[in-house]
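The structure appears below as C-alpha cells.
The values are calculated or read from the model by the stated rules, or taken from the named source; none is laboratory data. No experiment lies behind these values; they were computed from the predicted model shown. All Cβ positions, glycine included, derive from the backbone under ideal geometry; neighbour counts span all protein chains shown.
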Amino acid sequence: MNSVTKPRLFSSISLFFFLLVATCGFSAAGASKANSSPCALAGGEAAGLNGDASTDIHALPDYRKTISRLLKEKRFGLLDCLADSARNRKEIFPGGTWKLHIIYLGLNEPQVHATQKDWKEHIERLKQWVSARPQSITARIALAESYVNYAWEARGHGYADTVSENGWKLFKERSVQGRQILKHASDLPQKCPEWYVAMQDVALAQGWAPSAKQALLEQAIKFDPDYFYYYRKYAVSILPEWDGAEGQLGRFLKTTADKIGGNAGEILYFQVASLVVCCQAEPLNFSWPRIQRGFEALEKQYGAELDNWNRLARMAVIYNDPAVANKMLARIGNQWSDEVWQTYPYFESVKNWAKQVVPMIDVKSPAEESADANLQTADGRRYKTAFDEKMHVLLPACVHESGTDSAQSKLFFRIGQGGTVDQVITIGPDRVGSCLLAKVSELAGKSRVVFPAPPEADYWIQVDLDLADSASTATK
C-alpha cells in the first residue's frame, strides 16, 4: 500500500518540509558565476533579477517574484531565454544557489496565498506556454511541478485522517497529471536537471517504493552530479515522517558526503542539514562540527550569502551553541530571513539569548572550580584514575552509537559519599555526552552506585569530550 492511501498520520511539519525543500538554494560544484544575461531585459526586469544575495536577504525572493510576474505577462520567449541561459551556463548566486532552480520556484505555483482562481489561471498560462513553444523543456517541467503542488493544495496541510475523500481524489489525479507531463517532456531533445527534481516530487506524492526513489536519485546524479537539489529532495523523502527508518537520513548523509569527499562532500552535508535541521525542534542525528565545516567550505568556494548565515545561526540554536549563533547573528544584523525564523520576535529573542549566554561560557562554574581543585590533591588524582576506568567502560558503546565526529561538550558529575551520582551538569550539544548520561542514569536507577566512593562527599568530576579530534576523553 503506498503512502498516499495508508492510514498513517502525516504531520503538518512533514508537508512543510515538502514545501520548504523547493525554496532553498544549493551549491553547484564548478558552476559558472556569471551574472550577466544574454536576454533582453527592461529596466524593471533587470532590477528584479540582479539582486545581490550576499548583501540583501530579499534578493532571491525578488528574483522569484520577477519570474512569476513575467509568467503573468506571458513573456514566454524571455522566460525560455532566462532558463536556457541559467541551465547552459550553470549560473549561480553568491553562496551557491542555482538560478535555474529559483526560476522554477517562480513558475511552479502562484505566489502568496493563492486562491482556486489563482491556481487555475496559473496552470492555464503554463499550458499556453507549452502550446506556444512546444519544444520548451522549461514550460513542461514548470507545468508538471505546478500540478504536483496543486495536488498538495487539494490534500491540505493537516493529518491524513483530516483529508476529505475529494481531497485524496484530486491529490491522486493531479499527481498523475504531473507524472504524465514529465514523461512527455523526457522525449524533448532538450534536457534539464530540474526534470529529476520534479519527478522526485511525484515519487513522494505517489509513495514510490524506497528502491524506486533510490534508483531515481542515482539517475539524477548520473545526469548532472552538480545539481545538488536531488539530495535535498531525497533527504526529505527518507525522514521518519515519510516512512524512513529512524536515523536513516543521518546515515545516508554521512555515507554520501564521505563518498563525494573533500570540500564538495562537506558542502553537501551543510546544504542538506540546513534544510531539515532548521525545521526541527530537536537536533537530528547529524554532526554539528561537520555542518560548520560545510558552511565554511561553501562560503570559501562560492562567497557569502545571507540565507546561509541565517540557517547556520538557526541550527546553532538547535544544537545549543550560543557562540556560533552570536557570531552569525552579528553578521546578519537586521537581514533576517522570515522563512528561517518565521517571526521577528523569535529572531530577537534568539539574539538576546546568545548575547546573554556567550559572556558566561568562559566563566568557570562552581562545579568546574571544584573539579579543578580536586585534581590538585594526591587523593583526587587517584580517584580520577578509578573514575576513568568506570567511565571508559561506558564510552566505547556510546562512540559506536553516536559516531566519533562529535561536538565538544563538558559533563560534571557530583558523586555522593557512597559512589552515587547525585547531580549531573552538561554543557554543549554532544551526542556521545548525551549517551553517557543515559547509561549512567540507567545504572544509577538499578543500584544507585555507579562509581567508586570519592575521597569526600559532594565530589565533583569533570568529563571533557572532544571526539571530533580524538576518540579519547579527559576527566578532571
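Data table
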quantity: Evaluation of LEU284 against (1) at pLDDT below 90; (2) in a helix (DSSP H, G or I); (3) within 12 Å of the chain's Cα centre (by Cα); (4) not small (Gly, Ala, Ser) (one fails), failing number; calculated: (2)
quantity: Residue in segment 63-70 that is over 25 Å from GLN335 (Cβ atoms), at pLDDT 95 or above and not in a loop (DSSP other than H, G, I, E, B) present; calculated: yes
quantity: Those helices (runs of 4 or more DSSP H) lying entirely in segment 155-269 with at least 2 residues under 30 Å from ARG293 (Cα atoms) and not assigned by TED's automatic domain parsing to the domain that holds VAL130; calculated: none
quantity: Residue that is surrounded by the most Cβ atoms within 10 Å (Cβ to Cβ), among those in segment 112-143 that are of a type in the set (S, T, N, Q), in a loop (DSSP other than H, G, I, E, B) and under 33 Å from the mean Cα position of the chain (by Cα); calculated: SER136
quantity: Cross-chain or 6+ apart pairs with Cβ under 7 Å, segment 232-245 first and farther than 25 Å from ILE267 by Cβ and in contact (Cβ under 8 Å) with a residue 12 or more places away in the chain, then part of a helix (DSSP H, G or I) and small (Gly, Ala, Ser); calculated: GLU241/SER14
quantity: Out of ASN326, ASN334, sole residue that is modelled with pLDDT of 85 or more and either loosely packed, with under 13 Cβ neighbours inside 10 Å or aromatic (Phe, Trp, Tyr) (or both); calculated: ASN334
quantity: Within segment 182-213, tally of residues that are in contact (Cβ under 8 Å) with a residue 12 or more places away in the chain and either of a type in the set (A, V, I, L, M, F, W, C) or over 23 Å from LEU107 (Cα atoms) (or both); calculated: 16
quantity: Selected residue (only one of ILE57, ILE102 is touching a Ser or Thr at 6+ places or on another chain (Cβ under 6 Å) and of a type in the set (Val, Ile, Thr)); calculated: ILE57
quantity: Residue that is modelled with pLDDT of 95 or more, closer than 25 Å to ASN308 by Cα and out of contact with any Asp or Glu (no Cβ under 6 Å at 6 or more places or on another chain), where the choices are ALA83, ALA46; calculated: ALA83
quantity: Residue in segment 175-190 that is farther than 24 Å from GLY96 by Cβ, basic (Lys, Arg) and either buried (at least 22 other Cβ atoms within 10 Å of the Cβ) or modelled with pLDDT of 95 or more (or both) present; calculated: yes
